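Trainee: Handing you this structure, nothing more for now.
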Amino acid sequence: MDCLTCKNLEQSLESRCREYVEARSSAYYEVTTEFAAHKNVDKERAKSDLEEHQLVCASAQNETVRSSRQPG
């Protein structure tokens with residue numbers, strides 16, 4: 001993708017996913033799930049931000065068109 005915003009939002013989502021997985025696998029998770037729940041909310045927000053941007057992003061729309069035209 002050529003869009004810098006898309007790239008940044010994708011990186012943010014990947015980072016939030018990693019943080020959530022780390023929170024779920026930590027020893028602290030066994031004591032309380034609140035920290036992991038907050039990380040899950042952060043992850044979902046990042047996912048939503050990326051999806052919302054891609055709805056209006058010409059670069060993302062062009063990428064979708066290109067990938068749908070490739071033989072699968």
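Each reported figure results from applying straightforward, stated rules to the coordinates on display, with no laboratory input. Note that the structure is a prediction, hence the values are computed from the model and not measured. Reconstructed Cβ throughout: ideal geometry from the backbone, glycine too, with neighbour counts over all protein chains shown.
Trainee: If you scan the stretch 41-62, which residues turn out to be under 16 Å from VAL21 (Cα atoms) and either of a type in the set (A, V, I, L, M) or loosely packed, with under 13 Cβ neighbours inside 10 Å (or both)? Please lay out each step first, then the result.
Mentor: Of all residues in the stretch 41-62, those under 16 Å from VAL21 (Cα atoms) come to 41-47.
Answer for the stretch 41-62, where residues must be under 16 Å from VAL21 (Cα atoms) and either of a type in the set (A, V, I, L, M) or loosely packed, with under 13 Cβ neighbours inside 10 Å (or both): VAL41, ALA46.
Trainee: Pull up the stretch 12-54, narrow it to residues that are of a type in the set (Lys, Arg) and over 11 Å from the mean Cα position of the chain (by Cα), then point me to the one that is nearest to ASP2 (Cα to Cα). Spell out the reasoning first.
Mentor: Going residue by residue through the stretch 12-54, those that are of a type in the set (Lys, Arg) are 16, 18, 24, 39, 43, 45, 47.
When the remaining residues are screened for being over 11 Å from the mean Cα position of the chain (by Cα), the result is 24, 39.
Values: ARG24: 33, LYS39: 29 Å.
It comes out as LYS39.
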